[in-house]
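Participant: Got a structure here, written out as structure tokens. Questions coming.
The values are calculated or read from the model by the stated rules, or taken from the named source; none is laboratory data. Predicted, not measured: the structure shown is a model, and the values here were computed from it. Here the Cβ positions follow ideal geometry from the backbone for every residue, glycine too, while neighbour counts run over all protein chains shown.
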Amino acid sequence: MAERIASAPEIAAHLDALAESIVQDCPTLEHAYLIGIQRRGVQLAQRLAQRIMARTSVVVPLGVLDITFYRDDLSRISQQPVVHNTDIRLDLDGKVIYLVDDVVYSGRTIRAALDALADYGRPRIVRLVALVDRGWRELPIQPDFVAWKIATADTDVIHVKVRELDGEDAIDRANRADHAQPV
């Protein structure tokens, strides 16, 4: 049985706060670039871009990053991995990258994302923005901006739902034994 951690209004409020944190971190937004990690990081990055534009009237460029082939566990997760698109249209040299993901767990997804970003240039700074930090890091990677820090057991699954893909906005926690689908 899943436990509801956050509902749509709570997520919206926390996205507002994350957008404000980005604006405070990079006030002119001149070199800022939001990049969402496939899958749910993309929708979160889009929403952050909308909120930043509403606050500042500045359109922050938005990129999409698929890290599938950069994963160090690719052979363990699937014989036929699902590959999504990458859409990074700007040279990253000198940019302030806000890398957006839904959940930070072991740190391996972010390590893969950093490897992938290197193929597009050398950013001045990369900041990690996450909706949820659930702990259990295997690599020394920490989010710079995070909406929720949730104490979890290693057997827990944190599932971020976004309306664009899942029909609703929510954050749920379940036990891995009770959860049939991979997150």
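Participant: Residue by residue through region 143-166, note down the ones that are out of contact with any Lys or Arg (no Cβ under 8 Å at 6 or more places or on another chain), touching a residue at least 24 places away in the same chain (Cβ under 8 Å) and part of a loop (DSSP other than H, G, I, E, B).
Facilitator: Correct list: P143 only.
Participant: Go through region 33-83 and count every residue that is assigned to a loop (DSSP other than H, G, I, E, B), among the small types (G, A, S) and modelled with pLDDT of 95 or more.
Facilitator: 1
Participant: Given the conditions (1) in a helix (DSSP H, G or I); (2) surrounded by 13 or more Cβ atoms within 10 Å (Cβ to Cβ); (3) of a type in the set (A, V, I, L, M, F, W, C), report the number of the one that I5 does not fulfil.
Facilitator: All conditions are met except number (1).
Participant: For region 1-32, which residues satisfy the criterion of being over 18 Å from the mean Cα position of the chain (by Cα) and under 30 Å from D93 (Cβ atoms)?
Facilitator: Selection gives Q24, C26, P27, T28, L29, E30, H31.
Participant: Name the single residue, out of those in region 117-131 being among the hydrophobic types (A, V, I, L, M, F, W, C) and free of Cβ contacts under 8 Å to residues at least 40 places away in the same chain, that is nearest to V104 (Cα to Cα).
Facilitator: A130
Participant: Can you pull out the residues in region 102-152 that are of a type in the set (G, A, S), surrounded by fewer than 18 Cβ atoms within 10 Å (Cβ to Cβ) and within 18 Å of A6 (Cα to Cα)?
Facilitator: Once the filter is applied, which keeps residues that are of a type in the set (G, A, S), surrounded by fewer than 18 Cβ atoms within 10 Å (Cβ to Cβ) and within 18 Å of A6 (Cα to Cα), region 102-152 yields G135, A151.
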